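Chemist: Shown below is the structure under consideration.
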Amino acid sequence: VEGGPSGDGGDDLGASSSTRGENGRLIALFPRGHANDVLGLSCLDVGRYPVAAEDMLLSLSGKRKRGVLGNELVGCPNNHAFLEVREAIHQVQLTDYRATNVGAASGRLMFVARGSGRIFCGAAILPEEAPHQSSSPELKLLFDINAADLFAACPSHVCLSPYWPELSFGTDSGELLVADIERASSVGPYADVQSCLLRLTSSATAAAADVCQVYGQHPRTLVSTCGNAIRLVDLRSPQMPSASIFKNKFTYFCIERGIEACGVSASPHLLTLLSKDGGNGSEIQLFDERYMTPMITWRGPPGGYLLSSSVAQAGQGAGGRGSRGIAMACGRNLMDCRCFPFAGNASDSE
């Protein structure tokens, strides 16, 4: 499960992120409590406890003190860690860098959370990885970015790089920035990290709209949306205007790169996007980063709100042929969830 809706969002249901752990564990990160101002981390043995999804989510989020999971999972503090940030959390992401060897921040399970005005970044430390013997996981805050003070804007989207420890974020005033996690971690929590930020666009040159972004097929690129435009940004020459721009008829609200079970995109050129027409209508696009154009467009659920996608291993062949997956979206009514399967190229999926 990845991310949640972008923008202010209010009650951001579904803002959770997870990754696979060892021995069949699922490591889940989520906002909890009635104010959504506490980060929760749980190590779930999903093989041993096949429970109903509703009971699991209610138990993890703190809306129910004990569900059908029992003492071994929910009632036992050894499987959980909590971090109070004192700000409503609208989006989280958990990324596993334990197999990377780039920078001092590598080798960690990293998290990022987007609040109403701040971005929180830190490490999730599992019991077997703690320097001292521990029986429970830990959430350690490394640094935070006060976007409200620095840019007089609210963060609209945040994304960890799948390649190495780096994060990017957008604001509701059209700005796009990248943070050096290694440098910012050396500054510490609640300190001035402005010197660790690379400003790619500013509100003076961008439209005053929410920015959403994902890392591109190349590790030093970002694919970002702002208003009805989507563009490819090269971090190697950030001052160069992007020549790769596509303009949509609707306004983009969500962007996601489909992932497969191992956490790495099987077809890294494919993106899914959700756009809205200003009313109750929405569209879902399967987008090809290589050509900066949509491959398939579907009519989305009324009031499009959440977006998720998964891509299976691509087969042999030219273009997108062999890629298969599914995009899922729902409206403000979370019961109205729609699935959009695709396979090969656009003509195979229509």
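The values are calculated or read from the model by the stated rules, or taken from the named source; none is laboratory data. Note that this is a predicted model, so its numbers are computed, not measured. Heads up, the Cβs are rebuilt from the backbone with ideal geometry, glycines too, and the neighbour counts pull from every protein chain shown. Protein only, heavy atoms only, side chains kept; ligands, DNA and RNA dropped before computing areas. Shrake-Rupley method; radii C 1.70, N 1.55, O 1.52, S 1.80 Å.
Chemist: Calculate the FRET efficiency for E129 and K247 from the Cβ-Cβ distance with a Förster distance of 30 Å, rounded to the nearest 0.05.
Modeler: 0.05
Chemist: Now, a different point. Could you please report the charge total around V187, scoring K, R as +1 and D, E as -1 over all other residues with beta-carbon less than 11 angstrom from its beta-carbon?
Modeler: That works out to -3.
Chemist: Whenever you get a sec, line up S135, S323, S185 from highest to lowest accessible area (probe 1.4 Å, protein heavy atoms).
Modeler: Result, largest first: S135, S185, S323.
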